[in-house]
Each structure stands twice: as structure tokens, then as C-alpha cells.
Amino acid sequence: MKGITLTRYLIEEQRAAAHIEGDLRLLVEVVARACKAISIAIGKGDLAGVLGNAGTGNVQGEAQKKLDVISNEILLEANEWGGHLAAMASEEMEKPYAIPHRYPKGEYLLLFDPLDGSSNIDVNVSVGTIFSVLRCPEGVAEPGEHHFLQPGTRQVCAGYAVYGPTTLLVLTLGNGTHCFTLDREMGSFILTEENLRIPEDTREFAINMSNQRHWEAPVRRYVDELLAGKPGPRGKDFNMRWVASMVADVHRILSRGGIFMYPRDAREPDKPGKLRLMYEANPMAMIVEQAGGAATDGNRRILDVQPDGLHQRVAVFLGSRNEVQRVSAYHGP
Ligand code: P6P
């Protein structure tokens, strides 16, 4: 398995399963190349003056980091000319990005959170890029926002790059979840783990405990039972991790199991949660399910949610299947 580059993996997948049309292979390679460029930009940090706030806000009303803007531009510039996309959508942009008329269009829609967890960037904690790929509906030359509003089950590809001690690319094309490590000397992503599997049970949970008083009853019950440990109803002790960078928390869960939770809470009762469905929850849910895990919003499978807005938010419970099923069961029918 060692030494297989992303390019070779995609060519062999295309030959074996033919479920990867040529343009999808090109799309994945272009996104991977953009993630390499983002990794390099992040790695320079203060030396390149790319830390700190950009002095602008995004559609979410969040202050943009300089690297949020830089990462978004890297992904747009890398993908707009290749002829594989009909349009793009980003957490950093209110409306979809139309492919300039000077370039050919393709059949895919690319959605991304260019730099997830960017509040961590200034304190040198792992951050990442999350992306999701949908098909553009037949015959649509100028896709609008509504053409993106497809349930997560329609994704043909999902992945993330995590910029940590190493830069990793985790990818699914619907045929398992696989991990590639960036060989910085070669400049290539090398297949380092094929068919990742999330253990069905775990002793580790990830949630921002400071919000505990704002949670709904089922989440409070579930977490209280975890905290009660061996003497409590679960009969075993649990450990907790919270990086506050979804990509880092999800990658740990893919690597050794766990449950990640960002429930809705009373701080903003009109919002169903903090995380965004289209370019955070959906791609992560596909990646996790392809690795044998589960992902719900407490009541429904995340991938089944019919979107009604490009930037809509959703509650997220994902990871080890038996734990996700338990906390979802506490939410009732
Ligand atoms: P909190 C990062 O801002 C993010 O969108 C996710 O990556 C992360 O899981 C979550 O928000 C952290 O939120 O409220 O704990 O800072």
C-alpha cells in the first residue's frame, strides 16, 4: 500500500470501479493541490504576515481571519479554469461562485469550508479544509443556490484536509474512507490508510462543555451519564476531548473512535445548531458513514436532511455508531 500516490489511487479506482468519471478524478486532484497550497500558506504563519483578522466579516457574521480569505481564494482560483465544475459555494461567500464565462463548465458542484476552525489558527492548533461534491442537475448552465440544495445522500465525493503535525487528506468517493499523507519532499499525497473503520463503541466524547446549561434535556441526560462514569448507568469511565476544530476532532474519531456533538442550544433558539449542513455536516457525515460510523442531527440521519438554505445550520452527533444511536434514541421518536 505504501507509495501509492493520490493520482495512482484515483486512476486505479477509475479503472476498477468506473464510478469515477474523468472529471471527478480531475476535481479531486485539483482540490488536493489547493489543500497543499493552503498547507504551505498556513505553515508560514507570522513569517508571511497571514495570521490575525482580515478586518472583514463573512455571511455568517463571523470575523474573517486573513487565512480564511486566502484559503477561499486559493480554492476558487485552483478550481475555476479546469472545466470540471458548474459552480462553487463556500462558507465565506453568501452566494454561489459562477464559473467565469471565459472557462468551460463541467457537471459538478463543489462546496467547501476553506479553513474550518480558523479561530485556532492564531494559537497554532490544527485546522482544516472540508469539501463536498454534488452533481449539477442536468441541463443547468447557470446553477443558482437552489441547485445546490440537495440532501447529503446525493454527494458523489467528500473529504477534508487536516493541517496538523502532518497534512492529511481524508477522502471518500462512496467506496470506503481513505487517508493520504502529504509527502512534502515529493509534493504528493501518499495513501497511508485504506478503508478506515470507526469502532462501534467508545470511551471518548467531544463536546464544548461550557454550553452545558444551554443544552436540551436528551443531551444533558446523555452527557451526565458519561460523566457519571463507572458508578453510573453506563458502568464505565469516559474521557473527553474538545479541540474546537471540527476537522481535528473528527479525524481523531476516525482514527480511534469517539462521539462528536454540537447540539442546538438555548443561546440561539432559532438556530438548529452552530455547524453548517452543506459544507461541514454533510461531508463529515458521508466520510463517517463510509467508515462504519453514524451521523444524525439527534432525530434524523444527517445525509437525509433536505436542505432549504445554502448556509443552514444543523445539530451534529457523529462517530461511533452505538453512541450516536444511544444519544439519538434519547431524543425520542
Ligand atoms: P465552539 C470552528 O469555529 C467550528 O466551526 C468547528 O470547527 C468546531 O467544532 C466548532 O466551531 C467549535 O465551536 O463553540 O466550541 O468554539
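The values are calculated or read from the model by the stated rules, or taken from the named source; none is laboratory data. Worth saying up front: this structure is predicted, and the values here are computed from it rather than measured. Neighbour counts are summed over all protein chains in view; Cβ atoms, including those assigned to glycine, are modelled from backbone coordinates with ideal geometry. Keep in mind that these areas ignore ligands, DNA and RNA; they rest on the heavy atoms of the full protein, side chains included. Shrake-Rupley method; radii C 1.70, N 1.55, O 1.52, S 1.80 Å.
Only one residue in Gln290, Gln306 is among the polar types (S, T, N, Q) and farther than 16 Å from Ser320 by Cα. Which one?
When all the criteria are applied, what remains is Gln306.
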Counted residues in the range 1-53 being open to solvent by 60 Å² or more (accessible area, probe 1.4 Å), in a loop (DSSP other than H, G, I, E, B) and among the hydrophobic types (A, V, I, L, M, F, W, C) come to 2
Per the filter on the range 264-293, residues farther than 10 Å from Ile130 by Cβ, small (Gly, Ala, Ser) and under 10 Å from the mean Cα position of the chain (by Cα) are Ala285
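Among the candidates Lys95, Lys65, which residue alone is among the basic types (Lys, Arg) and buried (at least 17 other Cβ atoms within 10 Å of the Cβ)? I'd like the intermediate steps shown before the answer.
Details: Lys95 fails: buried (at least 17 other Cβ atoms within 10 Å of the Cβ).
When all the criteria are applied, what remains is Lys65.
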Of the candidates Arg264, Arg276, Arg252, Arg313, the one satisfying the condition of being within 20 Å of Pro199 (Cβ to Cβ), touching a strand residue (DSSP E or B) at 6+ places or on another chain (Cβ under 9 Å) and not hydroxyl-bearing (Ser, Thr, Tyr) is Arg252
Filtering the range 127-155 down to residues that are open to solvent by 30 Å² or more (accessible area, probe 1.4 Å), touching a residue at least 12 places away in the same chain (Cβ under 8 Å) and either in a loop (DSSP other than H, G, I, E, B) or within 16 Å of Val288 (Cα to Cα) (or both) yields Val140, Ala141, Glu142, Leu149, Thr153, Arg154
Counting only residues that are without any contact (Cβ under 8 Å) to a residue 60 or more places away in the chain and not β-branched (Val, Ile, Thr), the range 96-109 contains a total of 9
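Residue-by-condition table, conditions (1) open to solvent by 10 Å² or more (accessible area, probe 1.4 Å); (2) farther than 15 Å from Phe260 by Cβ:
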| position | (1), (2) |
| --- | --- |
| Ala291 | no, no |
| Arg301 | yes, yes |
| Val305 | no, yes |
| His311 | yes, yes |
| Val314 | no, no |
| Gly319 | no, no |
Residue set Leu115, Leu149, Leu111; condition more than 16 Å from the ligand (Cβ to nearest atom) and of a type outside the set (Gly, Ala, Ser); output residue Leu149
